[in-house]
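**Student:** Could you have a look at this structure, given as structure tokens, before my questions?
The values are calculated or read from the model by the stated rules, or taken from the named source; none is laboratory data. Computed from a predicted model, the values in this text were never measured in an experiment. With ideal geometry, Cβ positions are generated from the backbone for all residues, glycine too; neighbour counts draw on all protein chains shown.
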Amino acid sequence: MDQQNDNLWHGTTILSIRKGNTVVIVGDGQVSLGQTVIKGSARKVRRLADGSVVAGFAGATADALALFERLEGKLGEHPGQLARACVELAKEWRTDRYLRRLEAMMAVSDATTSLVLTGTGDVLEPDDGIIAIGSGGNYALAAARALVDRDDLDAEAIARKAMDIAADICVYTNKNITLEKIEVA
């Protein structure tokens, strides 16, 4: 992978926190091409399946939009079955000649499940309910793990603080965030 594509692949931060009766996915708004900021207010987090699923992407924007569309289709084929829809998408992503070339990762959550999807066929559920992807992902992950046990912070507060920390460290992450939340019944 060349340097420019490597920057496209990693140039964002997406964080998902599951705590108490809430799951939050938050993403920064920066779109970078190499060392240049192209846009500061992109929406990398979206609601799918009539709002019951939230997904965030890290990677090339056009690729992520294609994956959102495919995931929406899989959710339509398998309503209420996020894990199955994600496995079906991952299989297609790995085997389809067009999809195989897409450079993106996704964090996907519904009321009961949080998953990471990759183009190598991975569908992973974290042990601790925290997912972080993209260039600032490790910074956001470390901050979220440090904050998650605090009783005075809910999932949204943890996500906001962790993204703020990641944006202070990662040059490909900004503080203009999009946050979507699902309240678990």
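**Student:** Considering only region 5-21, I want to know if a residue exists there that is among the β-branched types (Val, Ile, Thr), at pLDDT below 95 and touching a Gly at 6+ places or on another chain (Cβ under 6 Å).
**Tutor:** yes
**Student:** Could I ask something else about it? Out of the residues in region 123-174 that are assigned to a loop (DSSP other than H, G, I, E, B) and among the small types (Gly, Ala, Ser), which is modelled with the lowest pLDDT? Explain how you work it out, then say what you get.
**Tutor:** Pass one, region 123-174, residues assigned to a loop (DSSP other than H, G, I, E, B): 125-129, 135-136, 148-154, 170-174.
Now drop any that are not among the small types (Gly, Ala, Ser), which leaves 129, 135-136.
Working: 129: 95, 135: 91, 136: 95.
Here the answer is 135.
**Student:** Give the residue that is modelled with the highest pLDDT, with candidates limited to residues of region 84-112 that are in contact with a strand residue (DSSP E or B) (Cβ under 7 Å, 6 or more places away or on another chain), of a type outside the set (Val, Ile, Thr) and part of a helix (DSSP H, G or I).
**Tutor:** Here is the first cut: in region 84-112, the residues in contact with a strand residue (DSSP E or B) (Cβ under 7 Å, 6 or more places away or on another chain) are 86-87, 89-90, 103-111.
Going one step further and asking which of them are of a type outside the set (Val, Ile, Thr), we end up with 86, 89-90, 103-107, 109-111.
Now restrict to residues that are part of a helix (DSSP H, G or I): 86, 89-90.
Values: 86: 96, 89: 92, 90: 90.
Checked region 84-112; the qualifying residue modelled with the highest pLDDT is 86.
**Student:** Here's something else I'd like to know. Does region 22-33 contain any residue that is buried (at least 20 other Cβ atoms within 10 Å of the Cβ) and within 18 Å of residue 121 (Cα to Cα)?
**Tutor:** No, there is no match, as no residue in region 22-33 is buried (at least 20 other Cβ atoms within 10 Å of the Cβ) and within 18 Å of residue 121 (Cα to Cα).
**Student:** Considering each of 58, 42 in turn, give the residue that is at pLDDT 85 or above, surrounded by 17 or more Cβ atoms within 10 Å (Cβ to Cβ) and part of a loop (DSSP other than H, G, I, E, B). Explain how you work it out, then say what you get.
**Tutor:** On the way: 58 fails: part of a loop (DSSP other than H, G, I, E, B).
Answer to the check: 42.
**Student:** Within region 113-121, can one find any residue that is within 24 Å of residue 30 (Cβ to Cβ), part of a helix (DSSP H, G or I), in contact with an Asp or Glu (Cβ under 9 Å, 6 or more places away or on another chain) and in contact (Cβ under 8 Å) with a residue 12 or more places away in the chain?
**Tutor:** Checked against the condition, which is being within 24 Å of residue 30 (Cβ to Cβ), part of a helix (DSSP H, G or I), in contact with an Asp or Glu (Cβ under 9 Å, 6 or more places away or on another chain) and in contact (Cβ under 8 Å) with a residue 12 or more places away in the chain, region 113-121 yields no hits at all.
**Student:** Note down all Cβ pairs under 6 Å where the first residue falls in region 59-86 and is in contact (Cβ under 8 Å) with a residue 24 or more places away in the chain, the second is assigned to a loop (DSSP other than H, G, I, E, B), and they're at least six residues apart or on different chains.
**Tutor:** As it stands, the answer is 59/103; 60/103; 63/102; 63/103; 82/110; 82/113; 83/113, since those pairs meet every condition given.
**Student:** Just one of the numbered conditions (1) at pLDDT 90 or above; (2) closer than 23 Å to residue 178 by Cα; (3) surrounded by 15 or more Cβ atoms within 10 Å (Cβ to Cβ); (4) of a type in the set (Asp, Glu) is not true of residue 69; which one?
**Tutor:** In the conditions (1) at pLDDT 90 or above; (2) closer than 23 Å to residue 178 by Cα; (3) surrounded by 15 or more Cβ atoms within 10 Å (Cβ to Cβ); (4) of a type in the set (Asp, Glu), residue 69 misses (3) alone.
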